[in-house]
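The values are calculated or read from the model by the stated rules, or taken from the named source; none is laboratory data. Since this is a predicted model, take the numbers as computed values, not measurements. With ideal geometry, Cβ positions are generated from the backbone for all residues, glycine too; neighbour counts draw on all protein chains shown. For the accessible areas, the whole protein counts, side chains as well, though only heavy atoms, and no ligand, DNA or RNA atoms are used. Shrake-Rupley method; radii C 1.70, N 1.55, O 1.52, S 1.80 Å.
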Amino acid sequence: MTMRAHIGDQLVVESPATGATRRDGEIIGIHHDDGTPPYDVRWSDTNDVTLVFPGPDAHIHHIEHAPEPEGEHPGAEPPGNGRPTRRPLDPGDIGRRVAHERRRQRLTRAELAGRAGISAPYLAYVEERPANPDLATLTALAGTLGTTVARLRGGGADLPPGEGPAARHPELRELDPDQCRERLGTHGVGRIAVATPDGLAVLPVNYEVIDGAIAFRTAPGTVPAAAADSDVAFEVDHVDEAMSQGWSVLVHGRARSVTEPDTVRRLSEQAHSEPWAGGERPLWILVEPRQLTGRRIDTG
């Protein structure tokens, strides 16, 4: 019978004399589309990766895979970018961070894998499954993505961004309105500045960009809800810790609450995510931009 495997399966080599397990390792690379040998295997006893042509004393322990849904999975990328699976994705925290940073830098899986010197199929496995890459792999990925191993592992999540030193030759540049719109993207997390009886309040909200306007959900009676029928400021930024650079976009405009049922339904249907804060937040606030300004810090 022809041996076939998937990324993440286990290769087990038995002792011919006793039948006892002699060695096992995780398959992190497959060289043929049909899953036949050879395989790149990370051995559990040494953590080394070697190219293996399994002999008669070896067998595959298949890790259970969920059935593939019909059609393309929304997380899949075109062929050549790492042969991702179509099974429901269940990435670990490291995989989510790697995939997020890769997409932010507009890299395909094939490009990131090539630059980091790792197997493209294994990168797909890391991004899609709760994998545990070794330090060498994490170091290569972090170096290629311009971040740190600690941040890929989730370190510093409770610390403010921008703790690193300034670049040697920073340059502060103005962003034009089109560049500001590009950085706003289609959705994300920003901060709304609202005047309240107790003074100015600035709070983070999940936002959507709908027809050029900023839209976010909140609950009636909350501070963000006080933005309705007033002039507000909305700010989005990003800090690149490794390169000591970043950008910020500031939107000034008039906010209003959305009460038309058809508009509320359309906003809810187009939303990329439920509010991270959870709870019932049925009130949509729309900010019509009157002015867009932004700046970015580059390294000279």
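Which is the longest stretch in the chain that no exposed loop site breaks, taking sites as GluC sites (Glu not before Pro) with a DSSP loop state and at most 11 other Cβ atoms within 10 Å?
On the way: sites that count: Glu64, Glu70, Glu72, Glu163, Glu280.
Answer from the scan: 164-279.
Could you compute how fast the chain diffuses translationally, taking Rh as the Kirkwood radius over C-alpha pairs and applying Stokes-Einstein at 20 °C with viscosity 1.002 mPa s? Give it in µm² per second.
This corresponds to a translational diffusion coefficient of 95 µm²/s.
Test of the criteria: in the range 158-227, which trypsin sites (Lys or Arg not before Pro) are in a DSSP loop and have at most 11 other Cβ atoms within 10 angstrom of their Cβ?
Working: sites: Arg168, Arg173, Arg181, Arg183, Arg191, Arg217; in loops: Arg168.
Listed in order of number, the matching sites are Arg168.
Give me the percent of the accessible area of the range 136-291 that comes from carbon and sulfur atoms, probe 1.4 Å, all protein chains in place.
53
Anyone know which of Pro197, Pro282, Pro261 comes out most mobile in the 10 Å Cα GNM of the chain?
Pro197
Give me the distance in nm between label points sitting 7 Å out from Cα along the Cα-to-Cβ direction at Arg4 and Arg295, one decimal.
6.0
Rounded to whole Hz and in sequence order, give me ³J(HN,Hα) for the range 95-107 from the Karplus expression 6.51 cos²θ - 1.76 cosθ + 1.60, θ = phi - 60°, writing x for Gly and Pro.
Coupling constants for the range 95-107: x, 5, 5, 4, 5, 4, 5, 4, 5, 4, 8, 6, 9 Hz.
What residues qualify as long-range amide H neighbours of Ile30, i.e. H under 5 Å apart, gap of 5 or more or another chain, H built at 1.01 Å from N?
HN-HN under 5 Å from Ile30: Asp40.
Considering the Cα trace of the range 177-300, what is its radius of gyration and what is Dmax, both in angstroms?
Just the Cα atoms of the range 177-300 yield Rg and Dmax of 14.7, 51 Å.
Which one of Arg151, Arg254, Arg266 has the biggest mean-square fluctuation once the chain is modelled by GNM with Cα springs under 10 Å?
Arg266
Pick from His238, His59, His169 the residue whose mean-square fluctuation is largest in a GNM of the chain, springs joining Cα atoms under 10 Å.
Residue with maximal mean-square fluctuation among His238, His59, His169: His169.
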